[in-house]
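The values are calculated or read from the model by the stated rules, or taken from the named source; none is laboratory data. Since this is a predicted model, take the numbers as computed values, not measurements. Every residue, glycine as well, gets a Cβ built from its backbone with ideal geometry; the counts of neighbours run over all protein chains shown.
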Amino acid sequence: MNLSSVDLLNYILSGMIIIFSIIIFFFGFKFFFHEKTANTKKEVKENDNSLENLDFLTKNAKSIKSKKAAIAEKEALEANIRPGENLLDFDKIHNGMIILNSGKAFSMLLQCRGINFDLMSDEEKIEVNKNFISFFNKILYPIQIHTQTRVLNFHSGFKSYQQRHTNLAAELKGLVLKFNDLRSNHPENTSQISILAKKILSKQRLLEYVKYFIDEIKAITSNAFIIQSNYYLVVSCTAEELKLSPPYKSPSDFQPAQLELTKRSEALIKGLKLCGVESSILHTNQIVQLLYNAFDQGSENFHKVTEMMEAGLFN
């Protein structure tokens, strides 16, 4: 079969058209498949984002709900627990516990002895800070800080030391006269002379120490006030949270409050000890002394309540 050049050319062109059509179809299918895959991935990603947003909104809603519940609980507690400065408005003190607000709230006091943070090394400061953060994060109930500051009066102390100095000087003078008389009239009694010499030396040293102490304290307090600060933690709970119903017929009715506050106070003592702060629960007489000092802030003299009670001033 003989083909003319024209027919051969037609066959070649037809083959090229078919090949070109196959190539276009292949690339078109590939492009379509790629677009479809991309759209599918985009839809999956959008769905994932939607799920993440939904999860975020759910968590946020739960967080808001828990915050509202915490605020409501805090407001309920604050409505029943009075601030530390209103400890003076108490009903009575029973077995180391202060009863407030007609028996609707109870408090105990911890006295805390501070630490000298400035004298610590950097490692010790970091450790104390870490322990304090851990301590405060573990507190699940309200506490208050109460500070009591007084200017110390040294006048009565000076008078007693000055009287002690006068008595020592008189005793020393008597020993010296006795020593001179014994040495002059009985020089053979060497043992007694030696004993008197030792006593005189001891009295002289004690007299010098008392004189030095009086002079130093006078120098310190002549142009400055000596201030004593005491720090307390107030641990509180309410009758409502313990399901107690005032008024109470007997102390046993509010015994659960005593046990709960003791448990909380002991937990605070352990936590503070890890921070280097020593603390202890105040007993009834110490609480009475603290409250009396708060009432008697304007007085220059420090009165011991126990001595006043023994004198019958509160009878």
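Say whether the condition of being on the phi > 0 side of the Ramachandran plot, in the same structural domain as Ser250 (by TED's automatic domain parsing) and at pLDDT below 90 is met by at least one residue in region 85-95.
The answer is yes, given that some residue of region 85-95 is on the phi > 0 side of the Ramachandran plot, in the same structural domain as Ser250 (by TED's automatic domain parsing) and at pLDDT below 90.
Restricting to region 271-288, count the residues that are more than 21 Å from Tyr141 (Cβ to Cβ) and within 14 Å of the chain's Cα centre (by Cα).
The qualifying residues number 2.
Yes or no: region 224-231 includes at least one residue that is modelled with pLDDT of 85 or more and under 30 Å from Glu127 (Cα atoms).
Taking region 224-231 and keeping what is modelled with pLDDT of 85 or more, we get 230-231.
Narrowing further to those that are under 30 Å from Glu127 (Cα atoms): 230-231.
Within region 224-231, one or more residues are modelled with pLDDT of 85 or more and under 30 Å from Glu127 (Cα atoms).
His186 passes all but one of (1) within 37 Å of the chain's Cα centre (by Cα); (2) at pLDDT below 85; (3) loosely packed, with under 12 Cβ neighbours inside 10 Å; which number fails?
(1)
Can you pull out the residues in region 232-243 that are buried (at least 19 other Cβ atoms within 10 Å of the Cβ) and assigned to a loop (DSSP other than H, G, I, E, B)? Working first, answer last.
Within region 232-243, the first condition is being buried (at least 19 other Cβ atoms within 10 Å of the Cβ), and the residues that meet it are 232-239.
Within region 232-243, Ala239 is the sole residue that qualifies.
Of the conditions (1) small (Gly, Ala, Ser); (2) more than 30 Å from Leu88 (Cβ to Cβ); (3) surrounded by 12 or more Cβ atoms within 10 Å (Cβ to Cβ), Ser121 fails just one. Which one is it?
(3)
Starting from residues that are surrounded by 11 or more Cβ atoms within 10 Å (Cβ to Cβ) and not charged (D, E, K, R), keep the ones in region 191-200 and report whichever is nearest to Val151 (Cα to Cα). Step through it out loud before you land on a result.
First pass over region 191-200, keeping only residues surrounded by 11 or more Cβ atoms within 10 Å (Cβ to Cβ): 192-193, 195-197, 199-200.
From what's left, not charged (D, E, K, R): 192-193, 195-197, 200.
On the way: Gln192: 50, Ile193: 49, Ile195: 45, Leu196: 44, Ala197: 43, Ile200: 39 Å.
It comes out as Ile200.
Please go through region 244-269 and give me each residue that is farther than 21 Å from Ile281 by Cα and either outside any helix (DSSP H, G or I) or among the β-branched types (Val, Ile, Thr) (or both), ordered by number. Walk me through how you get there before you give the answer.
We begin by selecting, within region 244-269, every residue farther than 21 Å from Ile281 by Cα; these are 244-250, 253.
Once the filter is applied, which keeps residues that are farther than 21 Å from Ile281 by Cα and either outside any helix (DSSP H, G or I) or among the β-branched types (Val, Ile, Thr) (or both), region 244-269 yields Leu244, Ser245, Pro246, Pro247, Tyr248, Lys249, Ser250.
Condition first: surrounded by fewer than 14 Cβ atoms within 10 Å (Cβ to Cβ) and part of a loop (DSSP other than H, G, I, E, B). Can you find one or more residues in region 207-221 that meet it?
No; the residues of region 207-221 include none that is surrounded by fewer than 14 Cβ atoms within 10 Å (Cβ to Cβ) and part of a loop (DSSP other than H, G, I, E, B).
Within region 272-294, can you find the residues that are loosely packed, with under 14 Cβ neighbours inside 10 Å and assigned to a strand (DSSP E or B)?
Glu278, Ser280
When you check Val305 against the structure, is it at pLDDT 85 or above, surrounded by 13 or more Cβ atoms within 10 Å (Cβ to Cβ) and either farther than 29 Å from Asn131 by Cα or of a type in the set (A, V, I, L, M) (or both), yes or no?
Numbers: at pLDDT 85 or above: no; surrounded by 13 or more Cβ atoms within 10 Å (Cβ to Cβ): yes; either farther than 29 Å from Asn131 by Cα or of a type in the set (A, V, I, L, M) (or both): yes.
When the stated conditions are applied, Val305 does not pass them.
In this structure, does Asn131 turn out to be among the polar types (S, T, N, Q), surrounded by 11 or more Cβ atoms within 10 Å (Cβ to Cβ) and modelled with pLDDT under 85? Explain how you work it out, then say what you get.
Numbers: among the polar types (S, T, N, Q): yes; surrounded by 11 or more Cβ atoms within 10 Å (Cβ to Cβ): yes; modelled with pLDDT under 85: no.
So Asn131 fails the test.
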